[in-house]
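S.K.: Below is the structure I would like to discuss, written out as structure tokens.
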Protein chains: 2
Amino acid sequence: MILPVLSDVISAHNKIEPYIHNTPVLSSKSINSIIGADIYFKCENFQKVGAFKFRGATHAVLNLSEQEAKKGVTTHSSGNHAAALSLAAQNRKIPSYIVMPENTPEIKKKAVSGYDATIFFCKPTLEARETTLDKVQKETGAYFIHPYDNFNVICGQGTAALELLKEKEDLEIIIAPVGGGGLLSGTSISAKGISKNIEVIAAEPEMANDTFKSFKSGKLIPSVNPQTIADGLLTSLSDLTFEIIRNNVDNILLASEKSIVEAMKLIWERMKIIIEPSSAVPLAAILENKGKFKNKRVGIIISGGNVDLTNLPF
Amino acid sequence: MILPVLSDVISAHNKIEPYIHNTPVLSSKSINSIIGADIYFKCENFQKVGAFKFRGATHAVLNLSEQEAKKGVTTHSSGNHAAALSLAAQNRKIPSYIVMPENTPEIKKKAVSGYDATIFFCKPTLEARETTLDKVQKETGAYFIHPYDNFNVICGQGTAALELLKEKEDLEIIIAPVGGGGLLSGTSISAKGISKNIEVIAAEPEMANDTFKSFKSGKLIPSVNPQTIADGLLTSLSDLTFEIIRNNVDNILLASEKSIVEAMKLIWERMKIIIEPSSAVPLAAILENKGKFKNKRVGIIISGGNVDLTNLPF
């Protein structure tokens with residue numbers, strides 16, 4: 001298994017730079033005083049399509065040969081990767097075919113169709129996703145770009161931490177949420193590549209704790225029907241992301257559903273920015289482990305801001 | 001009546017600069033394409049206390065003599081000016097006494113008490129506010145800082161447009177919401193002081209259209225029990241703000257309640273920032289008058305981001 005390294009992330013950044021936003025790094029005096037630490041939020045909710053996923057999808061699409069690209073790209077995704085891949089495909093002027101669970105929030109469906117993707121709905125199970133994707137691939141000949149089990153996607157996702165660490169060089173800790181592990185893998189490669197001394201922490205919902213269990217036991221244990229408000233973190237690690245995480249991540253902290261909602265509300269109220277529940281998981285984990293972060297300089301990747309505004313948890 | 005001019009706003013800016021945020025100017029490709037114009041949002045929702053009001057309050061407090069300041073400051077306010085004045089007083093280490101309608105949203109009450117203000121609740125009528133304020137003033141000897149009928153407050157509010165026009169020099173139109181007229185007055189002084197060619201437009205809720213009626217008739221017509229979701233715009237002009245607005249404002253556009261909610265949702269969804277309903281009134285007015293803004297470079301002052309998240313209109 002070939003694992004990406006820092007130079008791969010830097011090369012990804014050079015390629016995708018003309019297409020992405022270098023998103024702002026924000027901080028909040030009042031949140032800092034609640035935690036007793038200096039926290040820097042890398043705001044991928046302001047990224048195109050409203051999520052970091054646009055980085056990885058853009059990089060993967062740009063890396064296809066003319067031959068591979070011409071029949072288009074396809075994926076299965078609960079939303080952000082779907083929108084990201086559709087826009088990346090639109091930018092390269094190739095078609096995209098998206099397999100989506102039928103219970104995907106309206107706002108995410110609308111985003112994808114707005115980028116000229118063709119949508120195929122399926123039942124909200126991993127099996128249904130894979131069967132439908134197989135069918136779509138056979139019919140169209142499109143190139144499958146997995147949401148996270150993909151070398152180039154992971155390198156793209158790592159560029160958010162790369163930008164963060166360029167802007168805030170002296171971070172002692174960096175935290176990313178973990179679902180399938182694409183963002184966490186990329187983040188960990190950037191951080192450890194830049195300095196072995198930066199502590200890389202994963203934040204995961206208690207109710208979808210497959211990474212925690214896998215990390216502690218040393219073998220990949222997939223989630224079984226996880227239920228969390230952090231709907232971007234329902235997926236399980238792949239062999240590739242698990243291997244990278246084992247090599248680079250120092251610790252995994254869990255967050256309860258209650259803390260996730262509390263952290264989300266705190267960020268909305270104090271920072272006046274809209275983040276999705278998955279993005280609140282790192283701050284939720286910090287709220288539950290304040291002592292660990294006392295007086296530290298901490299970077300958090302805010303993964304995205306796509307929320308169904310008619311269905312908020314507060 | 002002495003009216004403020006551009007040099008007064010510049011002098012205010014020099015004084016308050018160490019205390020305020022120079023807030024970001026954001027834009028949204030998708031909102032631009034909906035309107036067919038280039039819109040630049042001056043984001044005072046990211047200002048301290050979450051609203052432009054901190055500019056005016058800070059300036060007014062800094063301008064008090066030692067003698068005037070030592071017994072503290074007082075005001076009546078439905079929220080943002082209250083929080084702003086409390087923090088400005090705290091910064092100068094003087095007490096603040098705030099008269100507030102009892103139906104003020106929780107989030108605004110909490111903010112004020114967090115800045116060490118003493119709160120006096122009253123019935124939600126202008127009469128009750130004034131009677132209670134009178135009593136508080138007599139008891140404490142505190143200096144009354146009106147939310148908008150105050151020369152120094154108006155100069156402070158004008159500094160947002162000053163920063164916006166420094167960053168985006170070639171704006172053709174600038175729009176601010178109007179309630180009591182403090183922000184609009186300050187904005188118009190900055191804009192017209194910098195260039196007579198910049199069109200200054202006020203945006204007002206149809207359901208609180210006292211400025212529209214006053215502007216068209218040439219005499220001050222106060223609101224009678226206005227009902228709008230834009231709860232920062234319920235107040236009526238004062239003689240001072242009316243005079244400034246008559247001199248400097250080119251046009252007033254109205255926005256329906258439906259458009260205000262639509263514009264607010266559009267900004268939340270597309271820009272991932274939290275704005276209060278009053279801040280959505282300019283974009284709502286643009287949505288109802290798209291033709292007027294076609295291909296123009298337009299600046300909007302986003303007045304604030306203090307919303308009760310448990311009571312949203314969508």
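The values are calculated or read from the model by the stated rules, or taken from the named source; none is laboratory data. If you're wondering where the values come from, they're calculated on a predicted model, not measured in any experiment. Please note: Cβ atoms are built from the backbone with ideal geometry, for glycine as well, and neighbour counts cover all protein chains shown. Side chains are part of the model used for accessible areas, which takes the heavy atoms of the whole protein and leaves out ligands, DNA and RNA. Shrake-Rupley method; radii C 1.70, N 1.55, O 1.52, S 1.80 Å.
S.K.: In whole Hz and in residue order, list the ³J(HN,Hα) couplings for segment B:299-312 that follow from phi through the Karplus curve 6.51 cos²θ - 1.76 cosθ + 1.60, θ = phi - 60°; x for Gly and Pro.
M.R.: x, 10, 8, 7, 6, x, x, 8, 10, 7, 5, 8, 9, 9
S.K.: Computed over the Cα atoms of segment A:54-144, what is the ratio Rg over Rh, Rh following Kirkwood?
M.R.: Ratio value, two decimals: 0.94.
S.K.: Another question, if that's okay. Distance in nm between label sites at A:Phe121 and B:Asp308, each 7 Å beyond Cα in the beta-carbon direction?
M.R.: 3.6 nm
S.K.: Taking chain B as the reference, fit the longest principal axis to its C-alpha atoms, fit the long axis of helix B:126-140 to the helix C-alpha atoms, and give the angle between the two in degrees, 0 to 90, nearest 10.
M.R.: Its long axis makes an angle of about 40 degrees.
S.K.: On the full set of protein chains, 1.4 Å probe, figure out the accessible area of B:Ile119 and give it in Å² to the nearest 10.
M.R.: We get 50 Å² for B:Ile119.
S.K.: Springs between alpha-carbon atoms under 10 Å, Gaussian network over chain A: tell me which of A:Ser65, A:Ser30, A:Ser259 tops the mean-square fluctuations.
M.R.: Highest fluctuation among the options: A:Ser65.
S.K.: Percent of accessible area on segment A:108-197 owned by carbon and sulfur, 1.4 Å probe?
M.R.: After summing per-atom areas, the C and S share lands at 48 percent.
S.K.: Might you report the magnitude of the Cβ-based charge dipole of the protein assembly as shown about its Cα centre, with Lys and Arg at +1 and Asp and Glu at -1, to the nearest 20 debye?
M.R.: Charge dipole, the protein assembly as shown, about its Cα centre: 420 debye, nearest 20.
S.K.: Step by step: find N for segment B:117-263, compute 2.2 N^0.38 Å, then divide the Cα radius of gyration by it. What's the final number?
M.R.: Cα Rg divided by the expected 2.2 N^0.38 Å: 1.12.
S.K.: Are there trypsin sites (Lys or Arg not before Pro) in segment A:29-114 that DSSP marks as loop and that have at most 10 other Cβ atoms within 10 Å, and which are they?
M.R.: Hits after loop and neighbour filter: A:Lys93.
S.K.: Percentage of Cα-Cα pair distances in segment B:1-95 greater than 15 Å, rounded to whole percent?
M.R.: The calculated P(r) of segment B:1-95 puts 67 percent of pairs beyond 15 Å.
S.K.: Same structure, new question: With label points built 7 Å along Cα→Cβ from the Cα atoms of B:Gln90 and A:Leu3, find their separation and express it in nm.
M.R.: Label-label distance for B:Gln90 and A:Leu3, simple model: 4.7 nm.
S.K.: Report, by chain and number, residues whose modeled amide H sits under 5 Å from the one on A:Tyr143, excluding near sequence neighbours (fewer than 5 apart, same chain).
M.R.: A:Gly72, A:Val73, A:Thr74
S.K.: Eight or more residues apart or on different chains, and alpha-carbon atoms under 16 Å: count the Lys pairs in segment A:54-144 matching that.
M.R.: 7
S.K.: Determine the distance separating the Cα centre of segment B:71-130 from the Cα centre of segment A:1-74; give it in Å without decimals.
M.R.: About 43 Å separates the Cα centre of segment B:71-130 from the one of segment A:1-74.
S.K.: Provide the gained length on full extension for the span A:Glu66 to A:Glu169, in nm with one decimal, where the gain is 0.36 nm per separating residue minus the Cα-Cα distance.
M.R.: Taking 0.36 nm per residue and subtracting the Cα distance, the gain is 33.3 nm.
S.K.: While we're on this one: Going from most exposed to least, what order do B:Asp134, B:Asp210, B:Asp308 have by accessible area with a 1.4 Å probe?
M.R.: So, going from the largest accessible area down, we get B:Asp134, B:Asp308, B:Asp210.
S.K.: Please determine, in degrees from 0 to 90 and to the nearest 10, the orientation of helix A:151-167 with respect to the longest principal axis defined by the Cα atoms of chain A, where the helix direction is its Cα long axis.
M.R.: Between the helix axis and the principal axis of chain A, the angle is about 30 degrees.
S.K.: Quick one: length gained pulling A:Thr140 to A:Asn14 fully straight, 0.36 nm per residue minus the C-alpha distance?
M.R.: Gain in length upon complete extension: 42.3 nm.
S.K.: Can you give the relative contact order of segment B:54-144 as a percent, counting alpha carbon pairs under 8 Å and 6+ residues apart?
M.R.: 32 percent
S.K.: Going 7 Å from Cα along the Cα-Cβ axis for the label, what nanometre distances separate A:Ser27 from the same residue across the other copies?
M.R.: 3.0
S.K.: Further question on the same structure: Pull up all non-local amide H partners of B:Lys296: gap of 5 or more, or a different chain, and H-to-H distance under 5 Å with H placed in the peptide plane.
M.R.: Residues meeting the amide H criterion: B:Asp38.
S.K.: So what's the back-of-envelope 222 nm ellipticity for the protein assembly as shown, counting only DSSP H runs of four-plus at -39500 (n - 2.57) apiece and dividing by all residues, rounded to 500?
M.R.: After summing the helix terms and dividing by residue count, I get -14000 deg cm²/dmol.
S.K.: A further question on this structure: Within 12 Å, Cβ to Cβ, of A:Gly304, how many net charges do the neighbouring residues add up to if Lys/Arg are +1 and Asp/Glu are -1?
M.R.: Charge balance in the 12 Å sphere: +3.
S.K.: Here is a further query. If the elastic network links every pair of Cα atoms under 10 Å, which of B:Ser279, B:Ser236, B:Ser185 fluctuates the most in the Gaussian network model of chain B?
M.R.: B:Ser236
S.K.: Across peptide B:263-272, what mean number of C-beta atoms from other chains lies inside 10 Å of a residue's C-beta?
M.R.: For peptide B:263-272, the averaged partner shielding equals 4.
S.K.: If you plug each phi of segment A:173-188 into the Karplus form 6.51 cos²θ - 1.76 cosθ + 1.60 with θ = phi - 60°, what whole-Hz ³J(HN,Hα) values come out, in order, with x for Gly and Pro?
M.R.: 9, 10, 10, 10, x, 10, x, x, x, x, 5, 4, 4, x, 4, 5
S.K.: Rank these by accessible area, largest first, 1.4 Å probe: B:His21, B:His81.
M.R.: My answer, sorted largest first, is B:His21, B:His81.
S.K.: Let me ask something additional. Gaussian network model of chain B, Cα springs within a sub-10 Å range: biggest mean-square fluctuation belongs to which of B:Gln90, B:Gln67, B:Gln47?
M.R.: So, out of B:Gln90, B:Gln67, B:Gln47, the one fluctuating most is B:Gln67.
S.K.: Between B:Glu199 and residues 5 or more places away or on another chain, which pairs have amide H atoms under 5 Å apart, with H built 1.01 Å from N, and which residues are they?
M.R.: Under 5 Å from the amide H of B:Glu199 lie the amide H atoms of B:Ile173, B:Ile174, each far enough along the sequence or on another chain.
S.K.: Find how many whole Å separate the alpha carbon centroid of segment B:209-270 from the alpha carbon centroid of segment A:244-305.
M.R.: Cα centroid of segment A:244-305 versus Cα centroid of segment B:209-270: 40 Å apart.
S.K.: What are the ³J(HN,Hα) values, in whole Hz, obtained from phi via the Karplus relation 6.51 cos²θ - 1.76 cosθ + 1.60 with θ = phi - 60°, for each residue of segment B:228-242 in sequence order, with x given for Gly and Pro?
M.R.: 9, 5, 7, 6, x, 10, 7, 6, 9, 4, 9, 4, 5, 5, 4
S.K.: Now, a different point. Could you tell me which chymotrypsin sites (Phe, Trp or Tyr not before Pro) in segment B:81-139 are loop residues by DSSP with no more than 12 other beta carbons within 10 angstrom of their beta carbon?
M.R.: When the chymotrypsin sites (Phe, Trp or Tyr not before Pro) of segment B:81-139 are filtered for loop state and at most 12 Cβ neighbours within 10 Å, nothing remains.
S.K.: Another one. Please sort by residue number the trypsin sites (Lys or Arg not before Pro) in segment A:135-212 whose DSSP state is loop and whose Cβ has at most 16 other Cβ atoms within 10 Å.
M.R.: Answer in residue order: A:Lys196.
S.K.: Also: Need one number: nm distance between label points at B:Ser30 and B:Asn289, each 7 Å from Cα along Cα→Cβ, rounded to one decimal.
M.R.: Those two pseudo-labels are separated by 2.7 nm.
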